[in-house]
Amino acid sequence: MKLLRNVLLSLSVCLPLPLLASALPDDPHIVVQGYGEVEALPDSAELRLQVSDTQSTASAAKANVDRRVAAVLAAARAQGIADTAIRASQIRVHPDYVWEDGKRRLRGQRVERHVDISLADLSRYGDLVDGLMAAGITELGQVQFVVADRDVLAERALLAAVADARQRATVLASNLGRKLGKVYRIDASSAPAVPRGNPGVMMMEAKASADAPMLLGKETVSSRLSLVFLLD
């Protein structure tokens, strides 16, 4: 994989993009397109939650929010989540109004704080959500399930595209009564690896209890490239 990356890098540096599309050899050659894709189940999750409270004074609401956020952090740490994987926003304070009989009434001061948690071990998801609920979070919004090391999938997809292009070229050369020669040019600059997933599955409402079943859709990473082979 390292050799392949070096080849692609050297070609993209030596040839300007306009030339990559038109530089073809004078000798007999074959131009083929290769396609590759790999699939993987999500192995990590990004959770975004909110802790909020409304009291007659901002200080009282803040004290309650601070207590519950501390419980949230303790619940995350209990699942082995490092502090570097937890991001707590600044506290937001604003008046909380309600409408009654066509009139706006001040209920009190509302204090809000968001906390983002990166979970690297999905086997702990259920216990983590249970702990967050027990900590008194106000809302657990959408949870995004992702593949952590997508670069590995991208490289595998690229190698699969190379293998696909070589197979196509071999079949063509054989049917033409020629032998496949060396690779003259590799053009992968115009078609980078593209991740695909089902947003309706990959993004899930997580307001229910952790006992609710999780249906994780696979994420697909695909790659396309163009190879020019000389014919012997």
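All of the numbers you see were taken from the coordinates with simple rules; none came from a lab. Note that this is a predicted model, so its numbers are computed, not measured. With ideal geometry, Cβ positions are generated from the backbone for all residues, glycine too; neighbour counts draw on all protein chains shown.
Treating the beta-carbon of each Lys and Arg as +1 and of each Asp and Glu as -1, no other charges, what is the dipole magnitude of the stretch 44-146 about its Cα centre, to the nearest 20 debye? With only Lys, Arg, Asp and Glu charged at Cβ, the dipole is about 420 debye. In this structure, the amide hydrogen of E139, modeled 1.01 Å from its nitrogen in the peptide plane, lies closer than 5 angstrom to those of Q50, counting only residues at least 5 positions away or on a different chain.
Compute the Rg to Rh ratio over the stretch 44-146 from the alpha carbon atoms, using the Kirkwood formula for Rh, and round to two decimal places. Write down the numbers at each step before the final one.
Details: Rg = 15.5 Å, Rh = 14.5 Å.
With Rg and the Kirkwood Rh in hand, the quotient comes to 1.07.
Amide H contacts of G217: M202, each under 5 Å away and 5 or more positions distant or on a separate chain (H built 1.01 Å from N in the peptide plane; Pro and chain starts excluded). Rounded to the nearest whole Hz, the Karplus-based 3J(HN,Hα) values (6.51 cos²θ - 1.76 cosθ + 1.60, θ = phi - 60°) of the stretch 112-126 follow the sequence 10, 8, 9, 10, 9, 10, 9, 9, 8, 10, 5, 5, 9, 4, x, with x at glycine and proline. In this structure the amide hydrogen of H29, modeled in the peptide plane, comes within under 5 Å of the amide hydrogens of L231, none closer than 5 places in sequence on its chain.
Under 11 Å from the Cβ of L180, count the other residues' Cβ atoms, weight Lys and Arg +1, Asp and Glu -1, and hand me the total. Please report the intermediate quantities before stating the final value.
On the way: positive: R166, R168, R178, K179, K182; negative: D232.
Charge balance near L180 sits at +4.
Give me the net charge for the shell around V171: Cβ to Cβ below 13 angstrom, other residues only, Lys and Arg +1, Asp and Glu -1. Net local charge, V171 excluded: +3. When the charge dipole of the stretch 44-146 is built from unit charges on Cβ atoms (+1 for Lys and Arg, -1 for Asp and Glu) and taken about the Cα centre, the candidate among S123, S44, I137 whose Cα reaches farthest toward its positive end is I137.
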